[in-house]
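Accompanying notes for the structure given below.
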Amino acid sequence: NGPTTRSDYAIRLERVFRWLVAHLDDMLDLRVLADVACMSPYHFHRIYHAMQGETVTDTIRRLRLHRAARSARAGTLMGLEHGLAQDPERLAARRHDAQRGTGCQEPMGEGGDRLDQVLAVVNEEQET
């Protein structure tokens, strides 16, 4: 007997996850990830979200924040800044807001506050 559809999808998504980890600093494209999974982009997006419980974008953001938090714990704050800067969608939105004068009007606070926020998110994810 061959693999079930669910186990076949799990194998394909595991391949995508490993690819994501290896290419976390790259500009990622849904079509490329779908190719890694040997699926159409539409089908890949639906299957990924259904099986993982989050979108690919959420997974990428979580992986980048986790890596940045690990770097911060090791005393490499530069790693934290690099990890936060590696979210192209968020950076584009911030640039757009800055050009239009919209967006967050409150100061971010000192670097330590930001580190505490990131570590709290990572700790929540590890507990669940």
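The values are calculated or read from the model by the stated rules, or taken from the named source; none is laboratory data. Predicted model, so just to flag it, every value in this text is computed and none were measured. Every residue, glycine as well, gets a Cβ built from its backbone with ideal geometry; the counts of neighbours run over all protein chains shown. Quick note on the areas: whole protein, heavy atoms, side chains included, nothing else; ligands and nucleic acids left out. Shrake-Rupley method; radii C 1.70, N 1.55, O 1.52, S 1.80 Å.
Restricting region 8-40 to residues that are in a loop (DSSP other than H, G, I, E, B) and touching a helix residue (DSSP H, G or I) at 6+ places or on another chain (Cβ under 8 Å), which is farthest from GLY53 (Cα to Cα)? The qualifying residue farthest from GLY53 (Cα to Cα) is MET27. Checking each residue in region 21-45 for being under 21 Å from ALA68 (Cα atoms) and open to solvent by 40 Å² or more (accessible area, probe 1.4 Å) picks out VAL21, ALA22, HIS23, ASP25, ASP26, MET27.
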